[in-house]
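Working notes, structure below.
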Amino acid sequence: IIFSQSTSIGLSNYNIKKMLPRIVIAAILINLSFYICAFAIDISNIAGNSIMGLISGQGVGNASVGQGIQSTTGLSGPNGAQKVFGAALGLVTGVILLIMFMGPLLLGIFLTFVILVARQVILLFLVITAPLAFAAWLLPNTESYFKKWKDLFINMLMIYPIIMLIFGVSLFAAKFISDPSIQNS
């Protein structure tokens, strides 16, 4: 700006007046970039934990998974063989379903873990590059880099609350399905 003003080469007076407030704001943002990013990450983490706490504490109660299920054997009598066959068939079906659903379940848990670890690494990189991103916001030719940085930062901030929302709803649904006292109330 000083060079353009003194030599009348490059920027016009209008562009200089337009860029001057951005320079002041960018200088402040560059110096405070770590604190701004840390605050945004803290807000995201608090939101995720709050969502999880809100959903898991909605009067689900302290009922255990097996509460309310009464087991009766009753294998003696005229239908004893049918009951044994039915129990064996149920056990085999349960094992097959467990094997069939355990692979995708473990894959989902592993991928969620990988996503959360990758989020931490990417957020660390974004915090380190925040001063450069705020400096890129200053010039019109590099403003697209700031927009890409900002979009990625916002996306990484949103991952944790979304995962906690899905996890919380899943836990609530599991407790709702497994506890008959909740279903009747």
What nm value, rounded to one decimal, do you get for the distance between LEU124 and LEU139 when each label is placed 7 Å out toward the C-beta? 3.0
Based on the mean of other Cβ atoms within 10 Å per residue, sort peptides 17-30, 39-52 so the most packed one is first. 39-52, 17-30
Considering the zone a paramagnetic label at PHE176 would reach in this model (a point 7 Å from Cα along the Cα-to-Cβ line), which residues of the stretch 26-59 have amide N under 14 Å from it? 55-59
So LEU98 and LYS150, fully extended at 0.36 nm per residue minus their Cα-Cα distance, gain in nm 14.4 nm
Rounded to a whole number, what % of the accessible area of the stretch 98-185 do carbon and sulfur atoms account for, probe 1.4 Å? 80
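The values are calculated or read from the model by the stated rules, or taken from the named source; none is laboratory data. Predicted model, so just to flag it, every value in this text is computed and none were measured. FYI the Cβ positions are ideal-geometry reconstructions off the backbone, even for glycines, and counts take in every protein chain you see. Accessible surface areas use protein heavy atoms only, side chains included; no ligands, DNA or RNA. Shrake-Rupley method; radii C 1.70, N 1.55, O 1.52, S 1.80 Å.
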